[in-house]
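Below is one structure; the comments refer to it alone.
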């Protein structure tokens with residue numbers, strides 16, 4: 001255990017009324033304010049589901065799994081923490097209920113509880129608290145910010161709240177609870193309604209928790225009447241009711257919270273020295289987001305995880321959209337994305353793509369929609385539209401090139417056709433045993449992997465160096481048996497991994513295409529608003545030039 005000169009402080013952040021209200025962004029904003037006040041802050045996200053990590057979850061179910069440098073497959077909120085704090089997150093920052101249960105059960109099987117009857121309380125709750133301390137100790141944190149997944153009142157997360165209650169009793173003065181809740185304004189009424197939050201706080205009270213702050217998510221700032229209602233029914237002082245209204249950019253939220261003295265109020269409740277956060281860089285970022293743009297670009301995203309029932313889901317490609325935003329601010333353009341279902345392209349043809357300024361084929365798995373993505377990659381090549389292929393989009397661009405340029409009409413990825421005579425994309429050698437054993441979770445090529453970039457290529461121009469590292473999440477790879485043939489036909493292999501010699505980046509020479517690049521890695525997971533990834537900057541610059 002780390003020796004501390006002063007007590008560790010804990011901030012629990014829960015959500016109320018509905019999911020998806022921006023609890024993660026609020027948590028990240030609070031972390032930002034405290035970090036920039038000179039405190040060492042460690043965020044942790046506790047998720048409800050019984051999956052050990054987010055790697056096996058369909059993106060439509062819970063959004064885009066975020067991939068960390070250490071290979072941990074996490075919730076999107078971990079990506080929000082990285083982007084706000086410009087800090088790498090990892091295994092200690094993300095915990096699921098499945099991981100908690102598995103740890104406790106594994107210990108019981110090893111007789112580590114010495115014959116005790118193992119129960120949810122105290123063993124599950126103790127494990128939750130231990131995870132908090134482990135993360136805080138590793139980073140020598142002053143403050144640990146704990147985001148509780150889900151919404152107050154769900155049965156799945158009750159043990160997280162119980163751990164919060166227990167810590168509050170054990171460490172009086174060192175723990176505060178912030179409740180982020182939704183304040184709807186029904187159109188037929190025209191006024192904000194506080195009752196949902198009142199009931200949500202009552203649920204917290206029933207679990208022995210009294211929130212110190214209510215952060216009210218709403219369309220506009222709360223008026224005094226709504227603050228008074230919260231104070232009366234939720235037993236929270238009006239000064240501790242914090243408005244979190246809709247804003248143009250999520251990076252304004254720390255500024256919104258700070259204007260209401262939230263930094264000062266948190267530090268006071270935790271008996272910490274008041275320090276003013278340095279918000280200079282944040283003001284500069286927000287100014288760039290709001291600045292007048294030189295041009296509007298239309299980018300087509302050809303994917304397979306957009307639809308959820310009768311609705312379309314942006315969160316399936318959250319990291320991609322964030323990376324595009326970062327590059328757009330850098331290039332002083334506005335981006336309008338066109339979401340194209342790959343299966344629809346299969347049925348209706350590539351004419352529905354139209355004439356966008358750029359085409360992206362992102363991450364994906366399996367046969368569904370693959371032919372539509374292959375057609376889109378070929379369409380971008382033929383029409384000279386800037387193209388960016390990410391992981392699956394890189395692999396299917398290779399398939400498109402093999403079929404339409406190299407003459408291998410039946411070329412395919414072995415993932416979708418195990419009997420193809422020309423598997424230009426095939427299984428990584430050490431992955432075969434995992435598939436045979438149906439071991440899917442956490443068994444892919446994951447996390448950061450170093451690569452060597454070939455000088456004189458587009459990729460080298462983008463990176464400005466021979467040495468790079470990107471995060472990976474895949475089982476299939478470029479089949480090196482086809483490297484010579486495809487290179488002879490004009491495909492440029494511009495980067496290979498240092499360790500295994502796997503193909504990392506393919507491209508077309510700028511003399512034959514304005515921008516055509518596919519990367520096996522995931523640059524979208526390493527893009528920050530303050531430091532947009534160079535691949536996305538180069539792609540948007542090419543789209544801007546040809547638009």
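The values are calculated or read from the model by the stated rules, or taken from the named source; none is laboratory data. This structure is a prediction, so every number in the text was calculated from the model and none was measured. Every residue, glycine among them, receives a Cβ derived from its backbone with ideal geometry; neighbour counts consider all protein chains shown.
Counting only residues that are surrounded by fewer than 20 Cβ atoms within 10 Å (Cβ to Cβ) and not in a helix (DSSP H, G or I), segment 474-491 holds 3 of them.
Among the criteria (1) farther than 20 Å from residue 340 by Cβ; (2) surrounded by fewer than 21 Cβ atoms within 10 Å (Cβ to Cβ); (3) in contact with a strand residue (DSSP E or B) (Cβ under 7 Å, 6 or more places away or on another chain), the one residue 398 does not fulfil is (2).
Residues of segment 36-49 that are touching a strand residue (DSSP E or B) at 6+ places or on another chain (Cβ under 7 Å) and closer than 29 Å to residue 158 by Cα: 41, 42, 43, 44, 45, 46, 47, 49.
Of all residues in segment 222-243, none are surrounded by 14 or more Cβ atoms within 10 Å (Cβ to Cβ), under 17 Å from residue 185 (Cα atoms) and in contact (Cβ under 8 Å) with a residue 60 or more places away in the chain.
Elements of the type helices (runs of 4 or more DSSP H) sitting completely within segment 13-94 and holding at least 2 residues that are touching a residue at least 60 places away in the same chain (Cβ under 8 Å) and crowded, with 24+ Cβ neighbours inside 10 Å: these cover 23-35, 76-85. Taken as a whole, the condition of being at pLDDT below 95, at positive phi and out of contact with any helix residue (DSSP H, G or I) (no Cβ under 8 Å at 6 or more places or on another chain) does not apply to residue 150. Here residue 118 meets the list (1) surrounded by 19 or more Cβ atoms within 10 Å (Cβ to Cβ); (2) outside any helix (DSSP H, G or I); (3) out of contact with any strand residue (DSSP E or B) (no Cβ under 8 Å at 6 or more places or on another chain) almost entirely, failing just condition (1).
Residue count for segment 509-538 satisfying the condition of being assigned to a helix (DSSP H, G or I) and within 24 Å of residue 445 (Cβ to Cβ): 7.
Condition check for residue 214 on (1) without any contact (Cβ under 8 Å) to a residue 12 or more places away in the chain; (2) under 13 Å from residue 177 (Cα atoms): one failure, at (1). Return yes or no: is residue 518 at positive phi, within 30 Å of the chain's Cα centre (by Cα) and either crowded, with 24+ Cβ neighbours inside 10 Å or without any contact (Cβ under 8 Å) to a residue 40 or more places away in the chain (or both)? When the stated conditions are applied, residue 518 does not pass them. Only one of the listed residues (527, 494, 511, 469) is buried (at least 19 other Cβ atoms within 10 Å of the Cβ) and more than 19 Å from residue 326 (Cα to Cα). That residue is 494. I need a count of the residues in segment 183-199 that are more than 12 Å from residue 236 (Cβ to Cβ) and surrounded by 22 or more Cβ atoms within 10 Å (Cβ to Cβ). Looking only at that region, the number is 1. Going by what's in this entry, would residue 125 be described as closer than 21 Å to residue 15 by Cα, in contact (Cβ under 8 Å) with a residue 24 or more places away in the chain, in the same structural domain as residue 280 (by TED's automatic domain parsing) and under 20 Å from the mean Cα position of the chain (by Cα)? So residue 125 fails the test.
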